[in-house]
Structure formats: C-alpha cells, structure tokens
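Okay, so here's the structure we're looking at.
Throughout, read-outs are computed from the coordinates displayed, never taken from laboratory work. Keep in mind the model is a prediction, meaning the values are calculated, not measured. Positions of Cβ are generated from backbone atoms using ideal geometry, with glycine treated the same way; all protein chains shown enter the neighbour counts.
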Amino acid sequence: MSAAHRIFLVLCLLALPAFAMRAQSAEPAPAQVPAPVAAQGPASPAAGAAPGAPVGWETLRPDQQQLLERFHGQWGQLPPARQQALARGADRWLGMDPAAREQARERFRTWREMPEDQRALVRRRYEQFRSLSPEEQAEVREKFRAFSRLPPERRRELRRRWQQASPEQRQEMRERLRQWRDEHPRRARPGRN
C-alpha cells in the first residue's frame with residue numbers, strides 16, 4: 001500500500017469519530033441496556049462456543065440475563081451468531097468501569113444521531129481498515145494517536161485545510177507528503193522495534 005493511500009485512510013479515519021466504526025457490531029446498545037450488576041460466575045458460554053452453535057438462555061450467567069432481558073422472549077429465534085455476539089457484548093459491557101460505560105453510551109448516542117449516509121461512510125471506512133494487514137492497521141493506529149496528540153487547534157486547522165482542498169490539492173498534499181517522507185526516513189523511536 002502506498003504512503004498516499006495510508007495517509008488517505010488515516011485522514012478518512014480522522015474525519016469521523018473512530019468509535020462509530022465499532023457500532024456496526026452486534027453487541028447490545030449501551031444506551032438501551034439497564035445498569036448491570038457486577039459480573040459474576042464463570043466466563044460467558046459464548047466464549048467457548050463453537051462458531052454457529054446456539055447459546056441457550058439458561059446457559060447465560062444471571063448478570064448476562066439481566067443485561068439481555070429485552071431479548072429473552074425471542075432468544076431462541078435469534079441466529080446462533082447473534083446470540084454469541086450478544087453474550088460477548090454483555091461480557092464486555094459488564095467488564096467496563098462506570099466511566100467507560102458512560103463513554104460508550106455517549107458514543108452510541110452520537111452514532112444514532114449521525115445521518116445514515118455518514119454511518120454508511122463510516123462502515124465502508126471501517127471495512128477498508130479491516131482489510132489492511134495487521135502491520136498497516138498498526139501504522140494507521142499510530143498515526144491516529146500522533147494526530148490525537150496534536151493541540152486541538154492544530155487538529156482543527158489540518159481538518160479544515162483537508163476538507164476545503166479540492167481533489168487536485170489533496171493529491172498535491174499527498175505527493176508533498178510522499179516526497180517529504182522519502183527525504184526524511186523514519187528514525188528509530190525509543191521503545192519501538
């Protein structure tokens with residue numbers, strides 16, 4: 001993958017909140033689930049379930065059943081993959097501290113309020129990201145972290161310049177970046193291999 005393509009993907013990922021990319025998953029909607037009791041008992045039955053194997057309602061732990069109560073009446077009709085995803089999602093939710101739960105609720109609210117065309121764009125970009133090799137994904141994540149460390153005003157300025165640029169100007173930016181990278185090879189970073 002070319003450097004320009006990687007930069008484009010980074011900018012795409014930065015254009016919309018990264019959290020929204022996970023909202024496509026089948027886990028329960030955090031804003032719609034009751035505040036659960038502390039996780040208890042053994043690991044989720046979905047953790048050891050064979051792919052495609054149904055998860056019986058009675059095999060869920062009591063804390064999972066409380067969290068997934070709204071699915072109780074239809075649990076047997078849900079596809080096994082959906083049952084497993086819900087059980088895993090319940091485990092993730094139950095493992096979050098209150099601050100992480102509130103952050104998840106806020107992110108879900110933002111996702112719900114996003115126009116459908118924007119959600120479709122986020123889904124496409126997420127699939128593009130998932131199609132990258134693990135090394136490329138790691139590079140995109142690192143670039144996102146580096147961008148996130150910039151002062152807010154600098155991030156806003158970069159976003160504004162990118163959004164206002166014409167396709168030709170964006171291509172020129174990519175070329176300049178590629179040229180700069182060629183002239184300034186990556187230096188070894190402390191703590192990195």
Scan (1) part of a loop (DSSP other than H, G, I, E, B); (2) under 24 Å from the mean Cα position of the chain (by Cα) for the single condition residue 135 breaks and write down its number.
(1)
If we scan region 48-71, do we find a residue that is part of a helix (DSSP H, G or I), within 22 Å of the chain's Cα centre (by Cα) and of a type in the set (D, E, K, R)?
no
Looking at residue 148 and the list (1) in contact with a Leu (Cβ under 9 Å, 6 or more places away or on another chain); (2) within 30 Å of residue 68 (Cβ to Cβ); (3) surrounded by fewer than 12 Cβ atoms within 10 Å (Cβ to Cβ), which single condition is not satisfied?
(2)
